[in-house]
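> What follows is a structure written as structure tokens; I'll ask about it next.
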Amino acid sequence: MADTKLVEMKNIHKSFGKVVALQGVDFEVGPNEVVGLIGDNGAGKSTLIKILSGVYPPTKGEIYIKGQKIDLKNYSVRKAHELGIETVFQEQALGVKQSIWRNLFLGRERKVTDHIGFFQLDRAKKETNRMMKELLGFTGGGVLPDSAVRTLSGGERQGIAIGRAMYFKADLVILDEPTRALSVKEVGKVLDFIKKVKDSGKSCIYISHTIANIYSVSDRFVILDRGRVVGRYNRKQISEPDLNEVLIQIHHAPEPEPAS
């Protein structure tokens, strides 16, 4: 169906021992949509996306991807990849001493092997060069497939991580604080990469503490606070100052009474 949601998470709970991280969260992402996921530290943002990414199982709840109910007992990071979900965590999973092409195919070498299983180096470098130019807009001669990741700026490294997700044809790219500790110029590069995800017809979940950044690229906002969804807004319905005011009010609100 045309209106099928890309992702739908229903009544998601997650506890780590006596620590309750998520309490009955409903969350969804539509096709070709950028959703800004907002909340303070400890709100449950990273826990929610790690459940969606297959890192953690929920304590309770249901997940549907492209209308298909997921068997959570057999859900994993690999299964999420197979279903078109790629995550770029704030702790960048890049080998900084390795080349860009090695990072692109790390763990997925079979994507560039021949029919008898031999790794095709020339093909790997050619595909990396194509990814860099077509997906990331690296048109200068200074950055090559053989360039070590450590020689790249912070924004370029995030671009490689995002480009890797796009290269493997993810339908949903999840970005967990991708602009943390970056300069203003580098932040601009990452926001441009997010726009490329949208322009390519794909969807994105963007987690950030910086409202100006998240507001500039998101179609919709979901606010988490202490493991619960406390706000949902379409970008057309709320201005950036009003969104900031909502967050200030939530931050100063008293903690809700525990459920009986």
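> Going residue by residue through segment 92-113, is there one that turns out to be open to solvent by less than 20 Å² (accessible area, probe 1.4 Å), in contact with a strand residue (DSSP E or B) (Cβ under 6 Å, 6 or more places away or on another chain) and under 24 Å from S200 (Cβ atoms)?
No: zero hits.
> Separate question: Which ones in segment 176-204 are at pLDDT below 90, crowded, with 24+ Cβ neighbours inside 10 Å and not in a helix (DSSP H, G or I)?
If the condition is that a residue be at pLDDT below 90, crowded, with 24+ Cβ neighbours inside 10 Å and not in a helix (DSSP H, G or I), then P178, T179 are the ones that fit.
> A170 - would you say it is among the small types (G, A, S), loosely packed, with under 14 Cβ neighbours inside 10 Å and either part of a loop (DSSP other than H, G, I, E, B) or in contact with an Asp or Glu (Cβ under 9 Å, 6 or more places away or on another chain) (or both)? Walk me through how you get there before you give the answer.
Numbers: among the small types (G, A, S): yes; loosely packed, with under 14 Cβ neighbours inside 10 Å: no; either part of a loop (DSSP other than H, G, I, E, B) or in contact with an Asp or Glu (Cβ under 9 Å, 6 or more places away or on another chain) (or both): yes.
No.
> Let me ask something else. Going residue by residue through segment 52-66, is there one that turns out to be at pLDDT below 95 and in a strand (DSSP E or B)?
There is no residue in segment 52-66 that is at pLDDT below 95 and in a strand (DSSP E or B).
> Every residue in segment 201-228 that is in contact with a Phe, Trp or Tyr (Cβ under 7 Å, 6 or more places away or on another chain), under 11 Å from L37 (Cβ atoms) and of a type in the set (V, I, T), please.
I214, V222, listed by residue number.
> A80 versus (1) open to solvent by less than 60 Å² (accessible area, probe 1.4 Å); (2) in contact with a Lys or Arg (Cβ under 8 Å, 6 or more places away or on another chain): which is the lone unmet condition?
Failed condition: (2).
> When you go through (1) open to solvent by 70 Å² or more (accessible area, probe 1.4 Å); (2) farther than 21 Å from T47 by Cβ; (3) in contact with an Asp or Glu (Cβ under 7 Å, 6 or more places away or on another chain) one by one for P254, which number turns out not to apply?
(3)
> Give just the number: which of (1) under 22 Å from the mean Cα position of the chain (by Cα); (2) more than 21 Å from K10 (Cβ to Cβ) does Q249 not satisfy?
Only one criterion is unmet by Q249, namely (1).
> Going by the conditions given, is G17 open to solvent by 70 Å² or more (accessible area, probe 1.4 Å), among the small types (G, A, S) and over 22 Å from N213 (Cβ atoms)? So that I can check it myself, show each step before the final result.
On the way: open to solvent by 70 Å² or more (accessible area, probe 1.4 Å): yes; among the small types (G, A, S): yes; over 22 Å from N213 (Cβ atoms): yes.
Spelling it out, G17 is indeed open to solvent by 70 Å² or more (accessible area, probe 1.4 Å), among the small types (G, A, S) and over 22 Å from N213 (Cβ atoms).
> So, of the residues in segment 67-118 that are of a type in the set (A, V, I, L, M, F, W, C) and part of a strand (DSSP E or B), which turns out to be nearest to I51 (Cα to Cα)? Let's see the steps before the verdict.
Going through segment 67-118, the residues of a type in the set (A, V, I, L, M, F, W, C) turn out to be 70, 72, 77, 80, 83, 85, 88-89, 93-94, 96, 100-101, 104-106, 112, 116, 118.
Keeping just the survivors that are part of a strand (DSSP E or B) gives 85, 88.
On the way: I85: 12, V88: 14 Å.
Selected residue: I85.
> Then there is this: Going by what's in this entry, would K45 be described as touching a Ser or Thr at 6+ places or on another chain (Cβ under 7 Å) and in contact (Cβ under 8 Å) with a residue 60 or more places away in the chain? Give the derivation first.
Working: touching a Ser or Thr at 6+ places or on another chain (Cβ under 7 Å): no; in contact (Cβ under 8 Å) with a residue 60 or more places away in the chain: yes.
In short, no.
> Can you go through R226, R164 and tell me which one is at pLDDT 90 or above and buried (at least 17 other Cβ atoms within 10 Å of the Cβ)? Outline the logic, then answer.
Details: R164 fails: at pLDDT 90 or above.
Answer to the selection: R226.
> Kindly indicate the residue of segment 45-64 that is of a type outside the set (S, T, N, Q), within 15 Å of the chain's Cα centre (by Cα) and under 17 Å from N11 (Cα atoms) and also most open to solvent (accessible area, probe 1.4 Å) among those meeting that condition.
Here is the first cut: in segment 45-64, the ones of a type outside the set (S, T, N, Q) are 45, 48-52, 54-58, 60-64.
Still in the running and within 15 Å of the chain's Cα centre (by Cα): 45, 48-52, 54-55.
Among the residues that remain, those that are also under 17 Å from N11 (Cα atoms) are: 45, 48-52, 54.
On the way: K45: 15, L48: 2, I49: 2, K50: 45, I51: 1, L52: 1, G54: 12 Å².
Filtering segment 45-64 for residues that are of a type outside the set (S, T, N, Q), within 15 Å of the chain's Cα centre (by Cα) and under 17 Å from N11 (Cα atoms), the one most open to solvent (accessible area, probe 1.4 Å) comes out as K50.
> Right, next: Kindly indicate which of E156, E127, E134 is within 23 Å of the chain's Cα centre (by Cα) and modelled with pLDDT of 85 or more. Step through it out loud before you land on a result.
On the way: E156 fails: modelled with pLDDT of 85 or more; E134 fails: modelled with pLDDT of 85 or more.
Just one listed residue meets the conditions, E127.
The values are calculated or read from the model by the stated rules, or taken from the named source; none is laboratory data. Note that the structure is predicted; figures quoted are calculated from it, not measured. Positions of Cβ are backbone-derived with ideal geometry, glycine not excepted, and every protein chain shown enters the neighbour counts. Protein only, heavy atoms only, side chains kept; ligands, DNA and RNA dropped before computing areas. Shrake-Rupley method; radii C 1.70, N 1.55, O 1.52, S 1.80 Å.
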